[in-house]
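Peer 1: Just dropping this structure here.
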Amino acid sequence: MKRFSSIIILCAAFMLMSSFAFAQKDMCLVAREFAAKAVDGFDKNPKKSLAGLMQANKWCPEDMKIAYNLGLAYYRYKRPDKAYAIWSDLYKKKHSNKKLVQNLGWLAYKLGKNEEALDWARVMGETKGATQLKLAILFRQGKYEEAMAFAESNSKLLDRKDLDQAAEFLVEKQWQQFRAGNREAATGNIVRLSSVYPDSKIIDQAKDKMILAMWDDSVDIPVPKPLPDSAFNAETMQAATGESEVLQISKTQPSLTISLLQ
């Protein structure tokens, strides 16, 4: 009798689990439809769409596309901290996705998490995105000579504009010193740098202008420009490296990528 009762209990449990599994599957179908509506209506009503993606994620937490879109919706809703938390958790389940890692690296950078951003850059490997991210972090840390050397040694993985930016920041640092009254030291530095980087027209032109300014006080010198280490401005840095575009919405991608998914 006891054995028969045990069998009945096991069958009931199996039926209950099966029903739950089917219910979950059904809710995932609903969740995907719900998420698709949220994606489609995000530009018109971001608050409602964000709520819709949150509900879809509750109904089907194992769906990675929904989770990714929820993170991106948080980012678009000006909650990058929430996006970072969701995508970090998603990475644990989908760690092989390179685009997701790139997003996490730049988002960590945006949030001021320099060390975590460097960790993500290492995960990204020897890629253009990782190299640009490392360069941006050196800029933010005010390590302009190190950044210039890094850019030159990794020039094959960078765009011309990345190398020019490194040279421009380095030159502006010397002009800051020049404006502050340390004219001889600044001029000596720029002459030295021009010999280290003889192919850089930006540094060479700055050298000629600074020597001329040393010779003639009436010569106009460049107006001050903000440097990344003097004011925390992750948005500006992202745009400068061309990586801000990775977080734009697109509803046409079929799988986990750097854009919004359906």
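Peer 1: Which entries of LYS37/LYS58; LYS128/LYS225; LYS99/LYS161; LYS134/LYS156; LYS92/LYS156; LYS48/LYS82 show an alpha-carbon separation above 25 angstrom in the structure shown? Please list the in-between numbers first.
Peer 2: Numbers: LYS37/LYS58 16 Å; LYS128/LYS225 27 Å; LYS99/LYS161 23 Å; LYS134/LYS156 15 Å; LYS92/LYS156 31 Å; LYS48/LYS82 17 Å.
Result: LYS128/LYS225; LYS92/LYS156 exceed 25 Å.
Peer 1: Further question: State to the nearest 20 debye the size of the charge dipole of the stretch 82-163 about its Cα centre, where the only charges are +1 on K and R beta carbons and -1 on D and E beta carbons. Before the final figure, lay out the partial values.
Peer 2: On the way: 16 positive and 10 negative charges, 92 e Å.
In debye, rounded to 20, the stretch 82-163 gives about 440.
Peer 1: Jot down the per residue volume, in cubic angstrom and as a whole number, of the convex hull over the alpha-carbon atoms of the stretch 67-183.
Peer 2: Numbers: hull volume 13.4 nm³, N = 117.
Convex hull volume per residue, Cα atoms: 114 Å³.
Peer 1: Now for a separate question. Please report the net charge: other residues with Cβ closer than 15 Å to the Cβ of ARG179, K and R +1, D and E -1.
Peer 2: Working: positive: LYS173, ARG183, LYS209, LYS225; negative: GLU172, GLU184, ASP217, ASP220.
Its environment carries a net charge of 0.
Peer 1: Also, quick follow-up: Please report the net charge: other residues with Cβ closer than 14 Å to the Cβ of LEU90, K and R +1, D and E -1.
Peer 2: Details: positive: LYS65, LYS82, LYS92, LYS93, LYS94, LYS98, LYS99; negative: GLU62, ASP63, ASP89.
Result for the local shell: +4.
Peer 1: Now for a separate question. Apply the Karplus parameterisation 6.51 cos²θ - 1.76 cosθ + 1.60, with θ equal to phi minus 60°, to every residue of the stretch 57-73 and state each ³J(HN,Hα) to the nearest whole Hz, in sequence, with x for glycine and proline.
Peer 2: Going residue by residue, I get 5, 5, 5, 9, x, 7, 7, 6, 5, 5, 4, 4, 5, 5, x, 5, 5 Hz, with x marking Gly and Pro.
Quick note: the coordinates plus some simple rules give every number you see, no bench work behind them. For clarity, every value in this text was computed on a predicted model and none was experimentally measured. Cβ atoms come from the backbone with ideal geometry, glycine included; neighbour counts cover every protein chain shown.
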